[in-house]
């Protein structure tokens, strides 16, 4: 892969890490209809990824906050936010 600068690496790393996290969460929540089961997977996966990649996450947060606006971070997280919102709506609808 080619990056126009070292700074361009940070968003790519953040995007890759989030994609890995979201794929793991989706994989482990498939078939779960209970709100608490879904929430437990989201929390466990998030903590496990954070623990495993804490130095990289710090690099991404600091790099994006210095060289980019937080809007870039929001853009990177948009697929996660969308999936989480839709999943919560579905699970909460089932619980009613």
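Would you pick out the residues in region 83-96 that are without any contact (Cβ under 8 Å) to a residue 24 or more places away in the chain and either over 17 Å from residue 30 (Cβ atoms) or not in a helix (DSSP H, G or I) (or both)?
85, 93, 96
Just checking, does region 14-27 include any residue being part of a helix (DSSP H, G or I), more than 13 Å from the chain's Cα centre (by Cα), surrounded by 13 or more Cβ atoms within 10 Å (Cβ to Cβ) and modelled with pLDDT of 80 or more?
Checked region 14-27: no residue is part of a helix (DSSP H, G or I), more than 13 Å from the chain's Cα centre (by Cα), surrounded by 13 or more Cβ atoms within 10 Å (Cβ to Cβ) and modelled with pLDDT of 80 or more.
Regarding region 37-54, can at least one residue be identified that is under 20 Å from residue 5 (Cβ atoms), in a helix (DSSP H, G or I) and touching a residue at least 40 places away in the same chain (Cβ under 8 Å)?
Checking region 37-54: not a single residue is under 20 Å from residue 5 (Cβ atoms), in a helix (DSSP H, G or I) and touching a residue at least 40 places away in the same chain (Cβ under 8 Å).
Considering only residues that are within 24 Å of residue 9 (Cα to Cα) and free of Cβ contacts under 8 Å to residues at least 12 places away in the same chain, which ones fall in region 20-36?
If the condition is that a residue be within 24 Å of residue 9 (Cα to Cα) and free of Cβ contacts under 8 Å to residues at least 12 places away in the same chain, then 23 is the only one that fits.
The values are calculated or read from the model by the stated rules, or taken from the named source; none is laboratory data. A quick note: this is a predicted structure, and the numbers were derived from the prediction, not measured. Reconstructed Cβ throughout: ideal geometry from the backbone, glycine too, with neighbour counts over all protein chains shown.
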